[in-house]
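Nothing in this text is a laboratory measurement; each read-out follows from the coordinates by a stated rule. Treat the numbers as computed from the prediction; the structure is a model and nothing was measured. Positions of Cβ are generated from backbone atoms using ideal geometry, with glycine treated the same way; all protein chains shown enter the neighbour counts.
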Amino acid sequence: MTAIELRDVNVALGSGPARVHILKGVSLSIEKGEAVGLVGPSGSGKSTLLMVLAGLERPDSGAVTVLGENVAVLGEDALARFRGRNIGVVFQAFHLIPTMTALENVAVPLELAGEPDAFERAEAELRAVGLAERLHHHPAQMSGGEQQRVALARALSNRPEILVADEPTGNLDETTGKQIADLLFAKTAERGATLVLVTHDPALAARCGRVVRLRSGRIETVTDAAA
């Protein structure tokens, strides 16, 4: 079953002579439970593509269907609710709230979504990523790897069907990055979630089922990672 379907998606920024086309007629299908890596040189459009399929960036034209819903036509409130129910996001920069503990960083979005057991679920997710001893620590008291674990726990806490990750190991050393990648793949596989990630790391891309290579805003190739 298809989780994500993009048809002839175009995205441009700016106006007049300064207008830059970021994505040019991109079409792509991703199946439920699949792990897909988006790769390509800087400026190729891979992060924009990730944001479009996550409903964080609107296309100028084309259709973006996620779990059967054309997210390109949803209003802002409906789109935010859809993302909150179905999509988890992990960024290269951890985007944790510095004045909140790890537990609060994970629980507060759940509370805002109306989940009655927000703190219990947040604690369970933090324990699942190996942070049982860090629940009440603030981001400044944690290493980069620990902060990314908190970000991953937060992304998984709404039990999303789709997880998107933009350079999730980009700010980490090699050993810590591998630990985060192991968690990322293990947790999505365990839950049967679809994973789409942007990476410059060939080893990380090779762990995906398919690799989509972009260049100058277009899909250049789509290959099995093992090929």
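Below are the figures for this structure:
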{"quantity": "Mean ellipticity per residue at 222 nm, deg cm²/dmol - from DSSP H runs of n ≥ 4 across the chain, formula -39500 (n - 2.57)", "calculated": "-10000 deg cm²/dmol"}
{"quantity": "Inter-label distance for residue 61 and residue 99, nm, one decimal - labels placed 7 Å from Cα along Cα-to-Cβ", "calculated": "4.6 nm"}
{"quantity": "Cα gyration tensor shape for the stretch 101-146, rounded if a/c is under 1.5, else prolate or oblate", "calculated": "prolate"}
{"quantity": "Label-to-label distance, nm, for residues given as residue 24 and residue 159 (7 Å Cα→Cβ offset)", "calculated": "4.4 nm"}
{"quantity": "Farthest toward positive dipole pole in the stretch 133-184 [+1 Lys/Arg, -1 Asp/Glu at C-beta], among 157, 171, 141", "calculated": "157"}
{"quantity": "Contact order relative to length of the chain, as percent, for alpha carbon pairs under 8 angstrom and 6 or more apart", "calculated": "28 percent"}
{"quantity": "The stretch 17-46: trypsin sites (Lys or Arg not before Pro) in DSSP coil with no more than 15 other Cβ atoms inside 10 Å", "calculated": "19, 32"}
{"quantity": "5 Å-binned pair-distance histogram of the stretch 25-110 (Cα, whole percent)", "calculated": "3, 11, 20, 22, 19, 15, 8, 3, 0"}
{"quantity": "Largest-first principal axis extents, alpha carbons of the chain, Å", "calculated": "50, 39, 38"}
